[in-house]
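A short write-up of the structure that comes next.
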Amino acid sequence: MQHPLYQKAHYLKSAPDLSHCPEDEGYEVAFAGRSNAGKSSALNVLTSQKSLARTSKTPGRTQMINFFECDENRRLVDLPGYGYAKVNINVKQAWEAGLSAYVEQRECLRGMILLMDVRLPPTEIDMVMLDWTLDLGLPVHVLLTKSDKLKKGPAQANLLKLKKLLKESYPHATAQLFSSLKRQGVDVAWQKLDEWMEYERPPKQVV
């Protein structure tokens, strides 16, 4: 199962801050999440590529804003994993400052995919991200990752709990279950990306 647009994603550049980003035009969707929430794995599955985004056993490795170009107008953006304490404090402050400017000032940013581990309740910093994007009016779609690690009932219960919270306090956000390992929820995530990218998939050819 592949997507005609996202399977073409290729590395464009890495930027330490807003001033080094590509031209602010077209469509961008950013991927954000607590370190080790499965962001790189999700990006690889959604683009049908094994190592587009490097997966690392050491959380906090991605400290730059990484741009992947799908076509001349559309890019997927991998933001640094947040909330990992073992990164040198000066680096951490610099990257969070760079991250803030990108999220707050980037005109072509159409939405954010926020990754949370389905087994854990939203962390304080996840809530900060939801508050921040709400203030900015930036749409968010939550992928509850690693859903294969829970039985169906508990996974669904955690999704419903999160959806209730979003409905009450964060109307700019939606959520789904997602598993990179089992490719669960990939099509739903593609639909959200298509909506933000204003992309229509070509009709399937009937043979």
Item to complete: Please indicate, with yes or no, whether at least one residue in the stretch 56-74 is surrounded by fewer than 22 Cβ atoms within 10 Å (Cβ to Cβ), over 24 Å from Ser100 (Cβ atoms), modelled with pLDDT under 95 and not polar (S, T, N, Q).
Response: yes
Worksheet entry | Index of the failed condition, Lys161 passing every other in (1) in contact with a Pro (Cβ under 9 Å, 6 or more places away or on another chain); (2) modelled with pLDDT of 95 or more; (3) under 29 Å from Glu72 (Cβ atoms); (4) of a type in the set (D, E, K, R) | (3)
Worksheet item: What is the one condition in (1) modelled with pLDDT of 85 or more; (2) within 24 Å of Leu130 (Cα to Cα); (3) not charged (D, E, K, R) that Ser35 does not satisfy?
Response: (1)
Response to the item:
Of the residues in the stretch 125-171, those that are under 28 Å from Leu109 (Cβ atoms) and part of a loop (DSSP other than H, G, I, E, B) come to Gly137, Leu138, Pro139, Lys146, Tyr170, Pro171
Worksheet item: Could you list, in sequence order, the residues of the stretch 131-181 that are among the acidic types (Asp, Glu) and within 15 Å of Gly38 (Cβ to Cβ)?
Response: Asp148
Worksheet, complete the sentence: Residue hits (the stretch 91-123; modelled with pLDDT of 85 or more, acidic (Asp, Glu) and out of contact with any Leu (no Cβ under 8 Å at 6 or more places or on another chain)) are Glu107
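The values are calculated or read from the model by the stated rules, or taken from the named source; none is laboratory data. Source: prediction; values computed, not measured. Note: ideal-geometry Cβ built from the backbone for every residue, glycine included; neighbour counts use all protein chains shown.
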